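The values are calculated or read from the model by the stated rules, or taken from the named source; none is laboratory data. These numbers come from a predicted model, not from an experiment. All Cβ positions, even for glycine, are placed from backbone atoms using ideal geometry, and neighbour counts span all protein chains on display.
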Amino acid sequence: MTDQLSEENRLEALCRSLGNLWSKDDVIDVTEGISEEKLKKCRLTLFGKLYSRPNVNFQAFPNTMKRAWNTKNVSCTIIETGFFSFSFKSEADKRKVLDNGPWSFSSNLLVLQQCDLDVPEMCYDFTHCPFWVHLYGLPFGRVTKEVVKEIAAKVGEVIEVKLETKGNTTYKVGKARVNLKLDAPLKTGVVINLGSKKLWIEFKYEQLPHYCYSCGRIGHYATVCKEIPYETTRLEEDLPGNFGNWLCVEVRELSPYGKVFYGKQAALLEDPNIVPESPLAAGTSANQHVRNANEQPLLLLQSQQCQKETTKQKAESIHTSLAITSKEGKST
Ligand SMILES: [Zn+2]
């Protein structure tokens, strides 16, 4: 009903926009049925868009994808620069490609969408892409499908949850397939509250394409980041940035935030001006951390947005002994 209302609204807007050009005679009822062959073709077709760099070597692209997908039974057609259709010969091959994504060509993310009979090509949504996200640091005793789903929901809409055996033990680790919003910074982790203690859980992504170590977004490198000029980053001095390769599942090490939380890394407070006098005074710069009265590692990742918090809001967040936000603002 909502879609119908929205369609009616759009039609009304269209009529207003067309004005005198609008005529009821311009509506054509399409009554012809859809052939079985056409239906099958749609079912076996995926549309794909290269997320960051549309210009690729079209000679190499289809062959590279066929090798990656381990099938020859797919034909690739270029619709426009960076926008392709892939016609598979079998549902199994298509399913395998959809289930084992995300895929990249030269570290350039290829976002895939199922062909829909009644959707025009300009209406496919390539703003989201499913990624497998591992929860690094979730204690084995807490690994259940429900807990994994609840935590992974902080990254995006959860499509599927899997518990996998770790090595030759009976312990299981959790991962979730999550529909990631591509223009948002990658989420690095969350804190879980177990009642008696709190733990920092890190997110690690499977098949992560290149992404910006400054703003945390997929699709560009830090050297060309429009949000955070490269000259203002620590990366130029070969120092760790806000993001790093530790978001990739292959890198089995803690992020700098995890290292700080678990007491494996000292604070990187090089500028005395950014050392907070007290937790209440915190909020003057990015990536600060302090220890609480119980000497329990406590991480405060302050974003510029966080810096604008009122004193009351700060006090509330300190009261909960935790204030973590993603760094969305520009580096200072
Ligand atoms: Zn960036």
Completion exercise
Of (1) surrounded by fewer than 14 Cβ atoms within 10 Å (Cβ to Cβ); (2) within 18 Å of P130 (Cβ to Cβ); (3) touching a helix residue (DSSP H, G or I) at 6+ places or on another chain (Cβ under 9 Å), K166 satisfies every one except (2)
Fill in the blank from the handout: Turns out the helices (runs of 4 or more DSSP H) fully within the range 1-74 with at least 2 residues that are within 27 Å of Y221 (Cβ to Cβ) are 60-69
Problem - Count - residues of the range 13-36 that are small (G, A, S) and under 41 Å from the mean Cα position of the chain (by Cα) - result: 4
Completion exercise
With the first residue restricted to the range 208-234 and required to be on the phi > 0 side of the Ramachandran plot, and the second required to be in a helix (DSSP H, G or I), Cβ contacts under 9 Å at 6 or more apart or on different chains are G216/L247
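When you scan the range 17-30, do you find a residue that is surrounded by 10 or more Cβ atoms within 10 Å (Cβ to Cβ), modelled with pLDDT of 90 or more and over 26 Å from S75 (Cβ atoms), even just one?
Going residue by residue through the range 17-30, those that are surrounded by 10 or more Cβ atoms within 10 Å (Cβ to Cβ) are 18, 22.
Those still in the list that are modelled with pLDDT of 90 or more too: 18.
Subset that is over 26 Å from S75 (Cβ atoms): 18.
Checking the range 17-30: at least one residue is surrounded by 10 or more Cβ atoms within 10 Å (Cβ to Cβ), modelled with pLDDT of 90 or more and over 26 Å from S75 (Cβ atoms).
Can you tell me which residue among V97, V133 is in a helix (DSSP H, G or I) and touching a helix residue (DSSP H, G or I) at 6+ places or on another chain (Cβ under 6 Å)?
Details: V133 fails: in a helix (DSSP H, G or I).
Going through V97, V133 in turn, just one is in a helix (DSSP H, G or I) and touching a helix residue (DSSP H, G or I) at 6+ places or on another chain (Cβ under 6 Å): V97.
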